[in-house]
Amino acid sequence: MKLLLKSATIIDKHSAYHKKKLDILIENGIIIKIGNDISTKADKVISEENLHVSRGWFDSSVSFGEPGFEERETIANGLDTAAKSGFTSIALNPNTFPVLDNNGAITSVKSKAAHHPVKMFPTGALTIKSEGVDLAELYDMKQGGAIAFGDYKRAVKNPNLLKIALQYAQNFNGLVQSFPQEDRIAGKGMVNEEQSSTSLGLKGIPNLAEELQITRDLYLLEYTGGKLHIPTISTKKSVSLINEAKKKGLDVSCSVAIHNLIFTDELLQDFDTNAKVLPPLRTKEDIKALIKGLKDGTIDMITSDHTPIDTEHKKVEFDNALYGSIGLESAFGALSTIFSTEEVIEILSKGKQIFGLEDIEIKEGNPADLSLFIPNEKYEFNEAHIFSTSTNSIFKGHQIKGKALGIITKAGDFGL
């Protein structure tokens, strides 16, 4: 199978071809030739105005529904959505039913993605059934293909449990995740604790709930050693705490959800349940600090935090709605509203090394791991741009910029 990309602008600052407009010939998943005006017979020729190509994008926090919540999203359709959205690899969260907390569950979901162009890497639950009581069989899940361990959107309440997990995981270079929320501070809060929550009559989650948990977890990491990943931070102080920890030499990484870089809690004025996310939308001051943290390297990666929720659990009173928004489809376009194209690609490509994944350079002889896109085209995001089974997008009705076209990997191409 031969694929030929015509006049593609390559965005890969680590490549000798960076910012050059060239043809790329791919045969059986391998980049055979990169050059000007490649003339050869190909099974498929991809030629788009203003076509751009980069290293494959990675999303460190993606939820589907299967197994257990197939009405929200199946693995098959979820991977198709990721491919159409430009992602060549994703980390699958364990918030399924049953929870992904053992080797059999990990190998089962991996088998369902075995031949798809998108590489799917499961995150195993840190505790059995994600109940926060007993540590799950981390090593067995690692052997089955899990790339990290964490209870999705559930804080590790017991500090000794996290301590043991960090110590144990060092035996096999495991990456432990800890969701940053102290539930005893958050209480029954649903949105950011600010003036807006008071005016709306909604219970708030103070910044302290996140920052107190991060402080505790960083102290534990300093004591135990090991590797800790803190997903989806949302406050200015959180950025500062992680920056200080990195200066100490602690092996800590973190991510931020794209919607927390774009929207403030003012979006909740209409009680739109699609804007009910966790951590909650914060303030302009927090957004400014998060963006700065991404640029200076304190924040290691972004995530769409793609969380499909069926209509039955979203089109209800705000108090009763489940947390979460889909985000794969809007990820590139949303980021392009606040960063340059080169910055967006760098951000979308980061994180692979932390999760132990290969980051493949655009180079002759290398396997293809490519994301294709068109930058700068502005449009209003609506349901026509959604590929997910669930349509609970926080970005519906908002202007974004740039479109993903699809991907090419060694396993094939999709969306093109």
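The values are calculated or read from the model by the stated rules, or taken from the named source; none is laboratory data. Note that the structure is a prediction, hence the values are computed from the model and not measured. Glycine also receives a Cβ, built like all others from the backbone with ideal geometry; neighbour counts cover every protein chain displayed. All accessible areas refer to the heavy atoms of the entire protein, side chains included, with ligands and DNA or RNA removed. Shrake-Rupley method; radii C 1.70, N 1.55, O 1.52, S 1.80 Å.
May I ask you to list pairs of residues, at least six apart or on different chains, whose Cβ atoms are under 6 Å apart, with the first in the stretch 333-349 being more than 15 Å from Ser255 (Cα to Cα) and the second being part of a helix (DSSP H, G or I) and open to solvent by 20 Å² or more (accessible area, probe 1.4 Å)?
Ala334/Ile262
Applying the selection to the stretch 317-358, what residues are in a helix (DSSP H, G or I) and either farther than 25 Å from Lys13 by Cβ or among the aliphatic types (A, V, I, L, M) (or both)?
Across the stretch 317-358, the qualifying residues are Phe318, Asp319, Asn320, Ala331, Ala334, Leu335, Val344, Ile345, Ile347, Leu348.
Considering each of Asn36, Asn50, Asn77 in turn, give the residue that is among the polar types (S, T, N, Q), in contact (Cβ under 8 Å) with a residue 60 or more places away in the chain and exposed (fewer than 15 other Cβ atoms within 10 Å of the Cβ).
Going through Asn36, Asn50, Asn77 in turn, the sole match is Asn50.
State all residues of the stretch 113-146 that are of a type in the set (Gly, Ala, Ser) and either within 26 Å of Thr81 (Cα to Cα) or assigned to a loop (DSSP other than H, G, I, E, B) (or both); if no residue qualifies, say none.
Within the stretch 113-146, Ala113, Ala114, Gly124, Ala125, Gly132, Ala136, Gly144, Gly145, Ala146 meet the criteria.
Among the residues of the stretch 243-273 satisfying the criterion of being part of a helix (DSSP H, G or I), of a type outside the set (D, E, K, R) and open to solvent by less than 20 Å² (accessible area, probe 1.4 Å), which is farthest from Asp319 (Cα to Cα)?
Ala245
Take the residues in the stretch 113-148 that are over 25 Å from Ala76 (Cβ atoms) and in contact with a Lys or Arg (Cβ under 9 Å, 6 or more places away or on another chain), then tell me which one is surrounded by the most Cβ atoms within 10 Å (Cβ to Cβ).
Per the stated criteria, the residue is Leu126.
Just for the stretch 169-215: of the residues that are open to solvent by less than 10 Å² (accessible area, probe 1.4 Å) and of a type in the set (Val, Ile, Thr), which one is nearest to Asn320 (Cα to Cα)?
Val191
Tell me whether the stretch 152-168 contains one or more residues that are surrounded by fewer than 20 Cβ atoms within 10 Å (Cβ to Cβ), within 24 Å of the chain's Cα centre (by Cα) and farther than 19 Å from Tyr223 by Cα.
Yes, the stretch 152-168 contains at least one residue that is surrounded by fewer than 20 Cβ atoms within 10 Å (Cβ to Cβ), within 24 Å of the chain's Cα centre (by Cα) and farther than 19 Å from Tyr223 by Cα.
Given the residues Val99, Val45, which is the only one that is open to solvent by 10 Å² or more (accessible area, probe 1.4 Å), within 22 Å of Ala146 (Cβ to Cβ) and at pLDDT 95 or above?
Residue meeting the stated conditions: Val99.
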